[in-house]
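Everything on this sheet refers to the single structure shown next.
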Amino acid sequence: MAGKKEVVEVKPVELAEVVIRIKGITPLIEHCWSEKAKREMLEKQMGTTDKAKKREYKNPVEDFIRSMYWITPMPTEFTEEGFQKAIDAGARFGFPVTGIKQSAISGAYRKNWVKDKVSLRGAFFIKPDAISHDGTEVVEIHSDTPVMREDNVKVGMGAADLRYRGEFRNWYADLHISYDINGLYSINDIVNYLNSGGFGVGIGEWRPERDGQNGMFEVATA
């Protein structure tokens with residue numbers, strides 16, 4: 001005996017894309033993990049670190065150059081002259097799309113606009129502009145020429161260390177956002193989640209979420 005046939009209605013996912021510009025309120029500090037830092041961390045976790053090996057001297061300019069997400073080729077000459085050559089050649093930089101999206105999600109959750117973060121993760125997506133030198137999907141950051149900043153940080157058992165990272169001033173980014181028109185969250189919701197995340201969460205190092213005031217932004221146009 002044949003089973004009863006049932007008609008299934010497939011509801012289409014109607015995608016729409018908008019371009020939203022976010023504009024920095026405070027400087028953005030980047031901290032891209034360098035291959036050197038990743039290697040040292042892996043060696044420490046695997047217990048293969050050579051304790052007799054002398055610690056390499058710090059090169060502030062190299063740390064600064066490696067801290068940023070390069071869309072154009074990163075200089076191989078880690079000097080001020082090498083960095084300036086890259087700038088003169090039209091250097092372009094980015095920031096991870098996941099960091100910006102997470103800012104919006106956290107901003108919405110902290111304001112109690114959403115009951116959970118999981119449902120919002122699939123509500124919208126930010127299209128990357130490029131792949132940075134380390135393989136990260138990024139949106140391009142438009143700003144003044146990045147400057148090197150020096151920060152005193154605590155590491156390990158409270159020991160002090162100096163970190164040199166890139167700081168972007170007067171920055172903005174154009175986000176290509178795709179979302180489901182028939183989804184749970186409207187584009188009006190998404191824009192406000194971004195705006196809230198820009199103020200209360202931020203992106204990059206020393207952002208509000210990490211006891212700082214850097215990396216704050218607002219929605220400029222939608």
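The values are calculated or read from the model by the stated rules, or taken from the named source; none is laboratory data. The structure presented is a predicted model; accordingly, all values stated were derived computationally and were not measured. For neighbour counting, all protein chains shown are included, and Cβ atoms are generated from backbone atoms with ideal geometry for every residue, glycine included. With ligands, DNA and RNA removed, areas are computed over all heavy atoms of the protein, side chains included. Shrake-Rupley method; radii C 1.70, N 1.55, O 1.52, S 1.80 Å.
Observations, loosely collected:
- FRET efficiency estimate (nearest 0.05) - Cβ-Cβ, Val118 to Arg92, R0 30 angstrom: 0.35
- Near His176: Cβ cut-off under 14 Å, other residues only, Lys/Arg at +1 and Asp/Glu at -1. The net charge is -2.
- The residues Ile22, Ile131, sorted by heavy-atom accessible surface at 1.4 Å with ligands and nucleic acids left out, run Ile131, Ile22 from largest to smallest.
- Flagged links, alpha-carbon separation over 32 Å, of Lys11/Lys115; Lys115/Lys154; Lys23/Lys58; Lys85/Lys127: Lys115/Lys154; Lys23/Lys58
- Ala160-Arg21 FRET efficiency (beta carbon distance; Förster radius 45 Å; 0.05 resolution): 0.70
- Extreme residue, positive dipole direction of segment 52-132, given options Ser119, Thr98, Thr72 (C-beta unit charges): Ser119
- Summary of the geometry: segment 61-105 and segment 162-222, compared by the centres of their Cα atoms, lie 19 Å apart.
- Cα gyration tensor, segment 57-168 - rounded (a/c under 1.5), prolate or oblate: oblate
- A 1.4 Å probe, protein heavy atoms only, puts the accessible area of Asp88 near 120 Å².
- Taking label points 7 Å from Cα along the Cα-to-Cβ direction, Thr72 and Asp151 give a separation of 2.6 nm.
- Protein accessible area in segment 183-222, 1.4 Å probe - carbon and sulfur %: 46
- Sorted largest first, extent of the chain alpha carbons per principal axis (Å): 78, 47, 35
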